[in-house]
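Encoded as structure tokens, the structure appears first; notes follow it.
Read-outs throughout are calculated quantities, based only on the coordinates presented, and are distinct from any laboratory measurement. Just so you know, these numbers come straight off a predicted model, no measurement behind them. Every residue, glycine among them, receives a Cβ derived from its backbone with ideal geometry; neighbour counts consider all protein chains shown.
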Number of protein chains: 2
Amino acid sequence: MKYIFLFSIAIYFTNGISAQSTDSIFIKKIYTEALTNSGCYENLRYLCKNIGPRLSGSENAEKAINFTHELIEKTGVTKAYYQPLTVPHWVRGDKETAVISFIDEVDFENLRKDDSKEALVKSKRKSKKFNICALGGSIGTPEGGMAAKIIEIHRFSELDSIGRNGIEGKIVFYNSPMDATKINTFEAYGPAVQFRSKGAINAAKYGAVAVVVRSVTTAIDDYPHTGAMRYVDTIPKIPACAISTKDAEWLSINLKSNPNSELQIQLFCKTLPDVESANVIGEIKGSTYSNKYIIVGGHLDSWDLAEGAHDDGAGVMQSIEAIRILKNLGYKPKHSLRCVMFMNEENGLRGGEQYAKEAKEKGEIHVAAIETDAGGFAPRGFASEGNVENKQQLKSWTKLFEPYNLHSFTGNGGGADIYKLKEQGSALYELEPESQRYFDVHHSALDVFENVNKRELELGAASLAALIYLLDQNSK
Amino acid sequence: MKYIFLFSIAIYFTNGISAQSTDSIFIKKIYTEALTNSGCYENLRYLCKNIGPRLSGSENAEKAINFTHELIEKTGVTKAYYQPLTVPHWVRGDKETAVISFIDEVDFENLRKDDSKEALVKSKRKSKKFNICALGGSIGTPEGGMAAKIIEIHRFSELDSIGRNGIEGKIVFYNSPMDATKINTFEAYGPAVQFRSKGAINAAKYGAVAVVVRSVTTAIDDYPHTGAMRYVDTIPKIPACAISTKDAEWLSINLKSNPNSELQIQLFCKTLPDVESANVIGEIKGSTYSNKYIIVGGHLDSWDLAEGAHDDGAGVMQSIEAIRILKNLGYKPKHSLRCVMFMNEENGLRGGEQYAKEAKEKGEIHVAAIETDAGGFAPRGFASEGNVENKQQLKSWTKLFEPYNLHSFTGNGGGADIYKLKEQGSALYELEPESQRYFDVHHSALDVFENVNKRELELGAASLAALIYLLDQNSK
């Protein structure tokens, strides 16, 4: 018994080591290919500089569809095609304006001599312009803008305790910073972003006329960060915008001395009728399980304030590059592989929903879905959603990824675009890049090509290719 | 026996867990303090923007000495002082120029009709300006510059095989890129940087009149990267400069078609007499082992092409911040702690040598020396030099660092400034930040404050404070 036991351990370890060795050799090839022969950085440059912002429904989104179709086709996939869908079409219009005006208390002292109302208004009123941007989906302000007093709110429960009397007719200013003590900045995103997404609904319940939300970023700077916001049919729709963190800090201090400050805002945004659009898909037919799919993807659309370089141009180019690497190394996958460029992640998720809907209708089995939508920074690992076996399997590959500085394999997560595949039994994976710089640029004018590093982008692409390879080799 | 055995394991684990728990609580405080209460990013801004480049011997280096003395004093150390030394004083002078001129072969065909020598020279000669910079320590060119044919070299052995006949009177162009397949870019630095440091010596042996070295960077761009080069007394001194990687690639292609191209270079640099300078030291007296030291440091001087933001303004500010954090948390160290701002790391190492010399003379015992000089990027771990126990001890703290995304604890390394302390028995440690972006900026005009991320800088400072704490708690 002891002998047999030891013998079986020996076999196990020999096979284990040999498989790991074959795997580690192939993975080394993947990283070398990515770091020496990749065009993904230059492709991203083209997407950013020659196409640019590509919000759903825009002409640029259409250009991005055509460009990425061309790119994925060039990798030599079995077929490249479009998956039609309709998307919402929100447009920002002219640049937003925001001006605060207030009676500076200091001046009260100096101007006591002349207390005529006219002199008071003329002499003591001060004003300051803010850097704001409309939130995606917001209605515009009435023509000529709107002005109201401001109430600062740090958590939703404050709205309930203040009640309608204190809120009605005012602009609600949500000022809840991201928690700087979270090491992974994504952990601080959820608690802060709720004011952006649900702030207008919750403020309008109490009669607020508009909301101004502190930008969801870890940086203190002058850039407002946009992002999706929601309305519900039962509650009045009110305009919603984001204010830069520097201006938010200034506003908060100002309101302490000047609680009667008045904020004048103008938003020119509106929602137009839905537009025909598409996901872009490249597919390599599997040799053994051709009816089973492993997919990798990012999203094509981006916010309109910059170039969507990290969010998610990087993810799209990494996904295409992962497929190119495997093709270029002559890898013949057992499962069918798909590279999916999802449309409309930012303000609707229609691409992800359409993909999942059709997969279900066609009875396609998705073994694994991988998303890359957390920036093109140096990869640190993968998060996952799945059963215990999926989680254990991912963790068992730790040693294979460690030489490439990937160490994080226990986090929970799957991307927004692939989330609907979970209910169809697919395991979900999400590339985890270094998170420190992500929210500096996220949804702001700073999300430009220059903030992406070539090697970091390539390392992410290689990590995706390595995960696809391991999933393909070890799944049934 | 079995019972006793289990019991002792239980004690071991209980103590282990309790110590780790106390440690992990304190380390959490360190990171929270760094991420919420640090001035190190703003201090770095001042060093970069209000002082700027600070090569040894320059006025700015003097200003940096005074500024950091003030900063470390403000943390509330027991004493802050200067450690005098003399430093070399090399100056760049005016901006360097480099122009290549060549007879374009294509033109030969078109100009056959008029084969007078004058027409040939006038019509077919083309030229292109290059982005170059003198290497630190280089002599200048003769007044009016110098011109010579070029020979491209990829490894030193080529010089030997080509020999004096092929090299004499020529400019040697070293074109050996950093190996892109190394995941840690520092592993690719050594093999590439030897051409910068020893290239002039090795080329002058065979009669070369100057050297042009491909910039040591992983990026392909227009920025030349400087850095120290050496001469020896027995071999003629020839001018040495670096060329941007884009120009290096262009030059290499050009030389294939136009091997007789002539390069005209002008360097205005020179070495002036040595200058009085200093290290800056802040010291906290230890409560138990006051004659034993744990030190942390970076270097004050920086190359003259930019602001020395990552190299090594970041390291200096992180070192000061590590001390500030410990002071601010009320930590009473058992060992004496020193924050050392070394002068002259870049072109002489006189600061490190002076520090080690005085430590030896005074019989100071250095338990541990920590350097941070690999950029202010997100920390990934620590490298070390020391005995087996030191290495094991560092590795035993892995679990304490993992929540802060530090995973690398097995690498060998200690910084250049602290290296001389090794022979006095000190264990050496070096902060290992993410390395992908470092050589993009290193020693070039790109090493500016804007390329440093606030949180990444602070996480590095916290990691240093945590290591100091653990070393202090666990060393005798």
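Here are the numbers:
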quantity	calculated
Equivalent ellipsoid, chain B (semi-axes from 5 times Cα gyration tensor eigenvalues, Å)	49, 23, 20
Residue (of B:225, B:194, B:278) at the positive-pole extreme of the stretch B:187-296, dipole from beta-carbon charges	B:194
Estimated 222 nm signal from helices in the protein assembly as shown, with DSSP H stretches of n ≥ 4 weighted -39500 (n - 2.57), rounded to 500	-12000 deg cm²/dmol
Debye, to nearest 20: dipole size of chain A, +1 on Lys, Arg Cβ, -1 on Asp, Glu Cβ	760 debye
Principal-axis tilt of helix A:314-328 within chain A, Cα atoms, nearest 10 degrees	10 degrees
Ranking of A:274, B:247 by count of other Cβ atoms within 10 Å, fewest first	A:274, B:247
Computed log₁₀ I(q)/I(0) - Debye formula, equal Cα scatterers, no solvent, the stretch A:296-338, q 0.16, 0.32, 0.33 Å⁻¹	-0.49, -1.06, -1.10
Copy-to-copy label separations for residue A:160, where each label sits 7 Å from Cα toward Cβ, in nm and ascending	8.0
Calculated SAXS-style log₁₀ I(q)/I(0) at q = 0.08, 0.09, 0.14, 0.18 Å⁻¹ - the stretch B:97-268, Debye, Cα scatterers	-0.25, -0.32, -0.72, -1.11
Surrounding net charge for residue A:150, when Lys and Arg each add one and Asp and Glu each subtract one, Cβ distance under 9 Å	0
Principal axis box of the stretch A:332-446, alpha-carbon based, largest edge first, Å	40, 40, 28
Residue exposure sequence - B:311, B:23 - by fewest surrounding Cβ within 10 Å	B:23, B:311
Principal-axis tilt of helix B:454-474 within chain B, Cα atoms, nearest 10 degrees	50 degrees
Hz values of 3J(HN,Hα) by residue in the stretch A:267-278 - Karplus curve (6.51, -1.76, 1.60), Gly and Pro given as x	10, 10, 7, 7, 9, 9, x, 4, 10, 5, 8, 6
Cβ-based net charge around residue A:191, under 13 Å, with every Lys or Arg adding one and every Asp or Glu removing one	+3
Loop-located trypsin sites (Lys or Arg not before Pro) in the stretch B:152-200, at most 14 other Cβ atoms within 10 Å (DSSP)	B:155
Mean Cα-pair separation over length for chain A, i.e. relative contact order, pairs under 8 Å, 6 or more apart, %	21 percent
Taking A:289, A:174 and counting other C-beta atoms within 10 Å, the order from fewest to most	A:289, A:174
Whole-Å distance, taken between Cα centres, linking the stretch A:240-270 and the stretch B:270-333	42 Å
Residue-count net charge about residue A:287 - beta-carbon cut-off 13 Å; Lys, Arg +1, Asp, Glu -1	+3
For the stretch B:391-476: span of alpha carbons on each principal axis (Å, largest first)	44, 33, 19
Degrees separating the helix B:156-167 axis from the principal Cα axis of chain B, which is the longest one	30 degrees
Rounded, prolate or oblate (a/c below 1.5 giving rounded, otherwise prolate when a/b exceeds b/c) for the protein assembly as shown by Cα gyration tensor	rounded
Amide H partners (placed H, <5 Å) of residue A:152, local residues excluded	A:173
Residue among A:436, A:401, A:446 farthest towards the positive dipole end of the stretch A:394-448, charges placed on Cβ	A:401
At most 11 other Cβ within 10 Å, DSSP loop - trypsin sites (Lys or Arg not before Pro), the stretch A:327-389	A:362
Cβ neighbours within 10 Å from other chains - mean over A:29-35	2
Per the axis that maps chain B onto chain A, nearest residue of B (Cβ criterion) and its distance in Å	B:407, 2
Charged-residue dipole, Cβ positions (Lys, Arg, Asp, Glu), the protein assembly as shown about Cα centre, Debye nearest 20	1460 debye
